[in-house]
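In what follows, a single structure is set out as structure tokens and then discussed.
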Amino acid sequence: MDASQATSTIVVGAGVIGAAIAHDLQKRGRAVTLIDREPPGSGASFGNMASIAVTEFMPVARPATWKQIPGWMMDPEGPVRVSPRYMPRLIPWFIRFLAASRPSAMCRLEAAGAALCERSLADTRALMAEIGIEDQLSQTGCLSLYANEAEFQADRERIDMLDRFRFDYEVLDAPAISRLEPEITSQIAKAVLLPDSRTVTDPLKIVRRLVERFEALGGVVRRADVTGFERGERISGVRLGTEVLRADGVVLCAGAFTARLSKLLDEPMPLETERGYHTQIMAPGIEMAHSIIWPAKAFMVSPTADGIRVGGTVEMAGLDAPPDYRRSKITVRRAREALPNLKVEDFTEWMGHRPAFPDTIPVMSASAKTPGVFYATGHGHLGLTYAATCAHLMGDLITANRPAIDMSPYRIDRF
């Protein structure tokens with residue numbers, strides 16, 4: 001189809017989710033414009049932990065979590081920090097969070113996450129091969145670490161969930177851990193190898209490559225602020241200040257900022273930012289083949305971006321508060337407990353916004369109010385993991401094809 005005759009679609013948000021959706025729609029014959037106020041991939045898609053984390057779909061909304069929240073909030077180094085100033089604005093979100101932790105709801109949420117994760121590695125491989133960067137995906141998995149049997153049993157709920165949904169894993173003893181990753185401290189008694197959780201060489205390169213290919217095939221990238229929308233019976237355009245870009249369809253996938261856009265369409269959503277931190281160490285003094293997580297210490301370490309990246313914990317403080325890099329220093333200190341030879345030299349610190357719904361499940365949905373508008377947001381810590389799968393599913397929704405899975409769990413009007 002000639003681009004001048006193709007259906008015109010605007011994708012707002014040039015992170016890995018938006019770039020993948022724009023690429024998918026372009027393949028389906030759409031004339032696509034990709035808009036972001038920042039350069040493509042410069043938000044959470046730059047600073048994530050570079051993991052295709054196919055086993056990490058356990059909903060955060062569960063009794064085992066919320067029962068610990070009061071203690072975490074009293075601990076300045078706990079895995080979750082809530083800004084006292086921001087807390088009043090979080091009360092409605094937390095009420096929905098508690099509602100999502102009912103046993104019946106938890107079963108549905110686990111199944112919704114598993115449906116995406118079980119497709120994600122194959123879809124990611126296919127997308128990376130298509131854009132010529134399949135060598136950017138590791139062949140090794142992730143190690144989940146436990147200092148003792150008590151820590152292992154405390155994580156049993158997650159391991160049992162992997163059994164229920166038939167995800168592969170292997171329990172390792174200390175000698176096996178040492179053979180796989182000699183730099184891990186001998187104080188680690190047990191680990192779970194997650195063979196299908198992979199690491200990418202550099203998450204920013206994936207977005208850049210997607211956008212390069214998109215532009216080479218005629219796609220348009222605009223750096224601009226979306227200030228409003230044109231609509232009658234359906235969406236007809238996007239306002240960029242005084243300029244209006246006409247379109248037959250609009251996809252809103254601006255991460256944690258999507259809620260501000262949905263309000264302009266009179267469709268508010270309970271989307272919050274889980275502010276994430278990382279420390280990128282370019283002279284770590286060690287080499288790693290696997291990424292590692294230590295659930296009891298709430299951090300992750302990934303070999304990526306020509307160095308080693310340390311991240312973890314959650315901060316709830318909104319979109320506008322300045323970074324608190326004490327969070328980065330906490331995770332680095334804990335990472336050195338697992339990796340005693342880790343040197344923290346030639347490093348940078350980063351903070352970014354992970355979009356989170358109270359039930360942990362993303363919205364991938366047509367608007368319930370404005371025909372022609374679609375949402376793809378709220379992927380939390382799994383934006384990179386879900387990107388390729390999300391692009392396929394959203395492409396089917398937008399082009400009125402039948403998606404490969406039931407999309408009702410991800411609808412916007414579920415709240």
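What ranking of M161, M351 comes out by heavy-atom accessible area, probe 1.4 Å, highest first?
The ordering from most to least exposed comes out as M351, M161.
Scan around E315 for amide H atoms under 5 Å from its own, H built in the peptide plane at 1.01 Å from N, and keep only partners 5 or more places away or cross-chain.
Close amide H contacts, sequence-distant or interchain: R81, R275.
Using only the alpha-carbon atoms of the stretch 126-269 as identical scatterers, what base-10 log of I(q)/I(0) does the Debye formula give at q = 0.11, 0.16, 0.20 Å⁻¹?
-0.73, -0.96, -1.17
Over the Cα atoms of the stretch 249-331, what radius of gyration and what Dmax do you get, in Å?
16.7, 52
What are the ³J(HN,Hα) couplings of the stretch 230-235, residue after residue, when phi is run through the Karplus curve with 6.51, -1.76, 1.60 and θ = phi - 60°? Round to Hz, x for glycine and proline.
3J(HN,Hα) across the stretch 230-235, in whole Hz: 9, 7, x, 6, 8, 5.
Kindly provide the helix-only [θ] at 222 nm of the chain, computed as the sum of -39,500 (n - 2.57) over DSSP H runs of four or more divided by all residues, to the nearest 500 deg cm²/dmol? Kindly include the intermediate steps, with their values, before the conclusion.
On the way: 13 runs with 139 residues, N = 415.
Mean residue ellipticity at 222 nm (helix-derived): -10000 deg cm²/dmol.
Angle check, please: helix 103-130 long axis (alpha carbons) against the longest principal axis of the chain (alpha carbons), in degrees 0 to 90, nearest 10.
The angle comes out near 80 degrees.
Relative to the longest principal Cα axis of the chain, at what angle does helix 87-99 sit, 0 to 90 degrees, rounded to 10?
Relative to the chain, helix 87-99 is tipped by roughly 80 degrees.
Which pairs, out of K190/K343; K67/K343; K263/K329; K205/K343, put more than 27 Å between their alpha-carbon atoms? Mind showing how you got there, number by number?
Values: K190/K343 24 Å; K67/K343 36 Å; K263/K329 36 Å; K205/K343 25 Å.
Result: K67/K343; K263/K329 exceed 27 Å.
Please find, in a Gaussian network model of the chain (springs between Cα atoms separated by less than 10 Å), the residue of I133, I159, I91 whose mean-square fluctuation is greatest.
Evaluated over the chain, the most mobile residue of the options is I91.
Using θ = phi - 60° and the Karplus curve 6.51 cos²θ - 1.76 cosθ + 1.60, what whole-Hz ³J(HN,Hα) does each residue of the stretch 64-79 get, with Gly and Pro shown as x?
Ordered by residue, 3J(HN,Hα) equals 4, 7, 5, 5, 8, 4, x, x, 4, 5, 7, 9, x, 10, x, x Hz.
Kindly report, to the nearest 10 Å², the accessible surface of H23 as traced by a 1.4 Å probe over protein heavy atoms only.
The value for H23 is about 0 Å².
What is the extension gain from M73 to A189, computed as 0.36 nm multiplied by their sequence separation minus the C-alpha to C-alpha distance, in nm to one decimal? Each step should come with its number before you reach the end.
Details: separation 116, 0.36 × 116 = 41.76 nm, distance 2.90 nm.
Taking M73 through A189 to full extension adds about 38.9 nm, to one decimal.
Which number comes out as Rg/Rh for the chain once both Rg and the Kirkwood Rh are worked out on C-alpha atoms? Working shown, then result.
Values: Rg = 20.9 Å, Rh = 21.8 Å.
My calculation of the ratio gives 0.96.
Ordering I95, I188 by how much accessible area each has at a 1.4 Å probe, largest first, what is the list?
Numbers: I95 105, I188 5 Å².
If we order I95, I188 from most to least accessible, we get I95, I188.
Starting from the exponent 0.38 and prefactor 2.2 Å, build the expected Rg for the stretch 19-70 from its residue count and divide its actual Cα Rg by it. Write down the numbers at each step before the final one.
Values: Rg = 17.4 Å, N = 52, 2.2 N^0.38 = 9.9 Å.
Against the compact-globule rule of thumb, the ratio is 1.76.
Using DSSP to define loop residues, name the GluC sites (Glu not before Pro) in the stretch 146-252 whose beta-carbon has at most 13 other beta-carbon atoms within 10 Å.
Working: sites: E149, E151, E157, E170, E183, E212, E215, E230, E233, E243; in loops: E183, E233.
Here the sparse-neighbourhood loop sites are E233.
Along the three principal axes, how long is the stretch 317-410 when you take its alpha carbons, biggest first, rounded to the nearest angstrom?
Extents along the principal axes, in whole Å: 53, 29, 24.
Against the globular-protein guess of 2.2 N^0.38 Å, express the Cα radius of gyration of the stretch 366-415 as a ratio, rounded to two decimals.
On the way: Rg = 11.0 Å, N = 50, 2.2 N^0.38 = 9.7 Å.
Dividing the Cα Rg of the stretch 366-415 by 2.2 N^0.38 Å gives 1.13.
Rank M316, M58 by accessible area, highest first, at a 1.4 Å probe radius? Mind showing how you got there, number by number?
Working: M316 5, M58 40 Å².
I get M58, M316, largest accessible area first.
From the P(r) of the stretch 49-144, can you give the percent of Cα pairs sitting at distances over 22 Å?
50
Taking the Cα-to-Cβ direction at D163 and at R102 and moving 7 Å from each Cα, how far apart do the two end points lie in nm?
2.8
Nearest 5 is fine: what % of DSSP beta bridges in the chain come out antiparallel, could you say? Mind showing how you got there, number by number?
Working: 48 of 70 bridges.
If we restrict to bridges inside the chain, about 70 percent are antiparallel.
In terms of the Cα gyration tensor, with a ≥ b ≥ c the square roots of its eigenvalues, is the stretch 149-194 rounded because a/c is under 1.5, prolate because a/b exceeds b/c, or oblate? Walk me through the numbers on the way to the answer.
Numbers: a/c = 3.49, a/b = 1.68, b/c = 2.08.
It comes out oblate by the Cα gyration axes.
Listed highest first by mean packing, meaning other Cβ atoms within 10 Å per residue, what order do 9-22, 323-336 come in?
Working: 9-22: 29.4, 323-336: 18.4.
Final packing ranking: 9-22, 323-336.
The values are calculated or read from the model by the stated rules, or taken from the named source; none is laboratory data. Small disclaimer: the values here were computed from a predicted structure and weren't measured. Every residue, glycine among them, receives a Cβ derived from its backbone with ideal geometry; neighbour counts consider all protein chains shown. With ligands, DNA and RNA removed, areas are computed over all heavy atoms of the protein, side chains included. Shrake-Rupley method; radii C 1.70, N 1.55, O 1.52, S 1.80 Å.
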